[in-house]
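J.: So that we are looking at the same thing, I have put the structure below in structure tokens.
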Amino acid sequence: MESETTIFANQQLKSNTQIYKPHQIQVYLNPSNLEVNLPKKKVAIGYEFSGETNLMNDNVLKRLSLKIRSSRNLQKLKVDCSKCGVITDKGLEFLCRDLKMLTLLNTFSFDLAHCKLITDKGLKFLSEGLKKLTSLKTISLNFLGCKEITDQGVKNLSQVFKRFPSLNTINLCFVDAKRLLIRA
């Protein structure tokens with residue numbers, strides 16, 4: 001493994017991770033500062049985003065959406081909003097409206113565990129955002145404890161997966177989604 005420059009919200013740190021190409025880097029973002037000044041001739045191909053629950057809200061997802069809009073070469077996107085009770089369907093709408101621009105995205109992970117305000121409407125926004133991501137190979141979605149999600153929301157989301165010819169890994173969690181009817 002070679003040494004790669006990793007950016008943590010305006011700070012350059014050295015880490016021993018696999019380098020993609022000399023001009024590509026992995027970027028780690030936090031909700032308090034989404035501004036990242038990439039070194040010249042460097043392209044972000046992956047974002048990992050997570051933060052403290054007291055900093056996460058719909059407006060942070062809106063700002064992240066703007067960052068995605070300017071990063072069309074992303075191949076990996078990981079967003080962790082777990083245990084944040086104030087993320088709503090509106091936050092999903094903000095994030096997912098620009099998700100469809102990431103046509104090179106091959107790995108998508110979205111953790112909304114315990115976001116109790118997420119409903120089927122939020123899953124509809126997510127489905128719309130995912131539709132054009134035909135390069136997607138791996139998707140991981142965690143809706144643990146999202147009690148307002150119903151069978152219809154899960155059905156609508158699952159229809160989108162048929163559109164991905166390269167998809168080989170799907171990780172879904174809907175444990176404790178109280179409004180789901182499990183059928184044998």
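The values are calculated or read from the model by the stated rules, or taken from the named source; none is laboratory data. Model, not experiment: these values are computed from the prediction. Here Cβ is always computed from backbone atoms with ideal geometry, including for glycine, and neighbour counts include all displayed protein chains.
J.: Give ASN57, ASN10 a once-over and let me know the one that is farther than 23 Å from THR134 by Cβ and at pLDDT below 70. Explain how you work it out, then say what you get.
T.: Numbers: ASN57 fails: at pLDDT below 70.
Every option except ASN10 fails the conditions.
J.: Being surrounded by fewer than 17 Cβ atoms within 10 Å (Cβ to Cβ), of a type outside the set (D, E, K, R) and either under 10 Å from the mean Cα position of the chain (by Cα) or more than 18 Å from GLN152 (Cα to Cα) (or both), is that true of even one residue in the range 79-100?
T.: yes
J.: Moving to a separate point now. What residue, among those in the range 106-137 that are over 18 Å from SER50 (Cβ atoms) and of a type in the set (Val, Ile, Thr), is surrounded by the most Cβ atoms within 10 Å (Cβ to Cβ)?
T.: Out of the qualifying residues, it is THR119.
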